[in-house]
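Below is one structure, written out as structure tokens; comments come after it.
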Amino acid sequence: MDAISYTAARTNLAKTMQQVCEDHSPVIITRSKSPSVVMISLEDYEALQETAYLLCGQKTDKKSLTESTS
């Protein structure tokens, strides 16, 4: 995962966004006096959300199964 400064991200915003979307590779944007952030494509974000939702459902299913067999 690449890391760039806030200034570089601002200067090259369109290029950085294009790279993130094409490569499906997140970019860390560092800030000197604030926490860093991560830029990811909307497609990758939605995939992460779906994965988290499905994994949460699996935990619930396992919990229900454990409770029903107790």
I need the trypsin sites (Lys or Arg not before Pro) found in the range 4-45, filtered to DSSP loop residues with at most 13 other beta carbons within 10 Å of theirs. R31, K33
What's the extension gain from L55 to N12 if we count 0.36 nm per residue and subtract their Cα-Cα distance? 11.9 nm
Can you list the residues, at least 5 places off or on another chain, whose amide H is less than 5 Å from the amide H of S5, using H built in the peptide plane? T30
If each residue's Cβ is checked for other Cβ atoms within 10 Å, how do I28, I40 rank with the fewest at the top? I28, I40
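Readers should treat all values here as calculations from the given coordinates under stated rules, not as data from a laboratory. Quantities reported herein were computed from a predicted structural model and do not represent experimental measurements. Neighbour counts are summed over all protein chains in view; Cβ atoms, including those assigned to glycine, are modelled from backbone coordinates with ideal geometry.
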